[in-house]
Amino acid sequence: MVRRLPLPAHALLAAAMLGAALALIFFYVPTDANQGFSQRIFYVHVPIALTAYACFGWGAWKAFLHLWKRPPEADLESYVAIHQGVIFGTLTLLTGSIWAKISWGHWWLWSENQLVLFLVLFLFYAAYFMLRFSIEPGPARANMCAVYALFGVALIPVSFLAIRLANNLIHPVVFTDHGPQMSGAMFFTFCVSWAAILALSSALYRVELLGKRLDLRLRDLREAVNPASAPPRATTELVRTNP
């Protein structure tokens, strides 16, 4: 359904949802009794973190499809999804550090397993690009990157469960077996914020995919206009097939 939506309309929808989420965060949701105004970053930090998980998961799914059915663009789509996941992972670490410093007086605590596990997940996927760009384009690179992405997805449930099993206040658990431990206004604002961040990530995903495809088409056009400057045929075919 999202792919059928024109990209400009998709971007405008994401911008409108972000505007609505910010309005709810600053003007609608009540101030937390314990943490005060700083708790409002919760409605940004947690949706960003969940979106990073979603991007890594989508990248792993596309990697699995590449190894299973070999659709022509699965490798590229996996790469773009992981790239988006790293971007949102960076924002997760940034917003989390700001929130921790304001509320608990520490930018980072190495003794907190949930923080360290998310950092391990982030660094694992950041290293994905070192692997990808150290190998010549072709089937071997696509296969190795797909296997790497699938290994990384196993860290997602570990990172998520670490937050829920923590026995401190760095990551308070607000979603329990009894439902969300927040008021209706807070839960509504959280849902709108998460939907807005997901809409933003999917729009950015489509924009980056479009840019990568245009780059490949321009490369093909340059090779057609000036064959003498093109790389050997075998290498060119690999690049086109597995960007």
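The values are calculated or read from the model by the stated rules, or taken from the named source; none is laboratory data. The shown structure was predicted, so the numbers you read here are calculated from the model rather than taken from an experiment. Heads up, the Cβs are rebuilt from the backbone with ideal geometry, glycines too, and the neighbour counts pull from every protein chain shown. We work out accessible area using only protein heavy atoms, side chains counted, and drop any ligands, DNA or RNA first. Shrake-Rupley method; radii C 1.70, N 1.55, O 1.52, S 1.80 Å.
Some observations on this one:
- Under the condition of being of a type outside the set (Gly, Ala, Ser) and either at pLDDT 95 or above or not in a helix (DSSP H, G or I) (or both), the residues counted in the stretch 30-47 number 5.
- For the stretch 85-104, residues that are surrounded by fewer than 18 Cβ atoms within 10 Å (Cβ to Cβ) and closer than 21 Å to Ala149 by Cα total 3.
- When the stretch 25-54 is filtered for residues that are open to solvent by less than 30 Å² (accessible area, probe 1.4 Å), farther than 30 Å from Gly211 by Cβ and of a type in the set (A, V, I, L, M, F, W, C), the ones remaining, listed by number, are Ile25, Val29, Phe42.
- Beta carbons closer than 7 Å, at least 6 apart along the sequence or on distinct chains, pair a first residue in the stretch 137-158 that is touching a residue at least 40 places away in the same chain (Cβ under 8 Å) and exposed (fewer than 15 other Cβ atoms within 10 Å of the Cβ) with a second that is not in a loop (DSSP other than H, G, I, E, B) and not aromatic (Phe, Trp, Tyr) for Pro139/Leu238; Val158/Leu117.
- Qualifying residue in the stretch 179-188 (condition: surrounded by fewer than 15 Cβ atoms within 10 Å (Cβ to Cβ), of a type in the set (A, V, I, L, M, F, W, C) and either out of contact with any strand residue (DSSP E or B) (no Cβ under 9 Å at 6 or more places or on another chain) or at pLDDT below 55 (or both)): yes
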